[in-house]
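Novice: So that we are looking at the same thing, I have put the structure below in structure tokens.
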Amino acid sequence: MKLVTAIIKPFKLDEVREALNALDVNGMTATEVKGYGRQKGHSEIYRGAEYLVAFLPKVKIDVVVAAERSKEVAETIMRVARTGHIGDGKIFVCPIERVLRIRTGETDADAL
Ligand SMILES: Nc1ncnc2c1ncn2[C@@H]1O[C@H](COP(=O)(O)OP(=O)(O)OP(=O)(O)O)[C@@H](O)[C@H]1O
Ligand SMILES: [Mg+2]
């Protein structure tokens, strides 16, 4: 199993959710977050000039899926969340050791 974490532009959340739904992903968590990337939250960088880091609102999506589906999930998020402009976001993929479904006691892939 893999955890696919995507930091995306907030207005892309609905479209990403619909695309993941169409892939039969069973669940996801979305969190409002603040972050910055290479431009440190600014749309232009003036070389040598002093500037402050600005946190911008983003949405973080966490999806845990069977390992063999993680590529498809990450590529779908990338395709749907891309505008081609700076700040489109990042996707991180990590291994997941164990999943427990609280109501039923099912574990791992059965619990997803
Ligand atoms: N190295 C990182 N570690 C953790 N979070 C990051 C990292 N880089 C970016 N993020 C998160 O992703 C969000 C979007 O990053 P962003 O798309 O601006 O990355 P970038 O590398 O600057 O790419 P681009 O040049 O396309 O803007 C950030 O606001 C932050 O929340
Ligand atoms: Mg950036």
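Novice: At q = 0.27 Å⁻¹, what log₁₀ I(q)/I(0) does a Debye calculation on the Cα points of segment 73-112 give, no solvent, two decimals?
Specialist: -0.87
Novice: Of Lys2/Lys34; Lys2/Lys90; Lys40/Lys71; Lys2/Lys71, which pairs sit farther than 21 Å apart, going by alpha carbon to alpha carbon?
Specialist: Working: Lys2/Lys34 24 Å; Lys2/Lys90 16 Å; Lys40/Lys71 28 Å; Lys2/Lys71 10 Å.
In this structure, Lys2/Lys34; Lys40/Lys71 exceed 21 Å between Cα atoms.
Novice: Angle check, please: helix 13-22 long axis (alpha carbons) against the longest principal axis of the chain (alpha carbons), in degrees 0 to 90, nearest 10.
Specialist: 30
Novice: Right, another one. Given H placed on each backbone N at 1.01 Å, which residues far from Val33 in sequence or on other chains put an amide H within less than 5 Å of it?
Specialist: Amide H to amide H, under 5 Å and 5 or more residues apart or across chains, Val33 pairs with Lys58, Val59, Lys60.
Novice: So for each of 79-91, 95-107, 62-74 I average, over its residues, the number of other beta carbons within 10 Å; can you give me the resulting order with the highest mean first? Display every interim value, and only then the final one.
Specialist: Numbers: 79-91: 13.8, 95-107: 10.1, 62-74: 17.4.
Put in order of decreasing packing, that is 62-74, 79-91, 95-107.
Novice: Taking every pair of alpha-carbon atoms in the chain, what share in percent sits in each 5 Å bin, from 0 to the bin with the longest distance?
Specialist: Taking every Cα pair in the chain, the percentages come to 2, 11, 20, 20, 15, 12, 8, 5, 3, 2, 1, 0.
Novice: Take every Cα pair under 8 Å in segment 48-112 that's 6+ residues apart, average their separations, divide by the length, and report that relative contact order as a whole percent.
Specialist: Values: 25 pairs, mean separation 16.6, N = 65.
Computed over segment 48-112, the figure is 26 percent.
Novice: Using the alpha-carbon atoms, what tilt in degrees (0 to 90, nearest 10) does helix 70-81 show relative to the longest principal axis of the chain?
Specialist: Orientation of helix 70-81: about 40 degrees from the principal axis.
Novice: Tell me which residues come under 5 Å, amide H to amide H, from Val99 once H is placed; ignore anything under 5 positions away on its chain.
Specialist: Amide H neighbours of Val99: Asp108.
Every number here is computed from the coordinates shown, using simple stated rules; none is lab data. The structure displayed is predicted, hence computed values, not measured ones. Backbone-built Cβ (ideal geometry, glycine too); neighbour counts: all protein chains shown.
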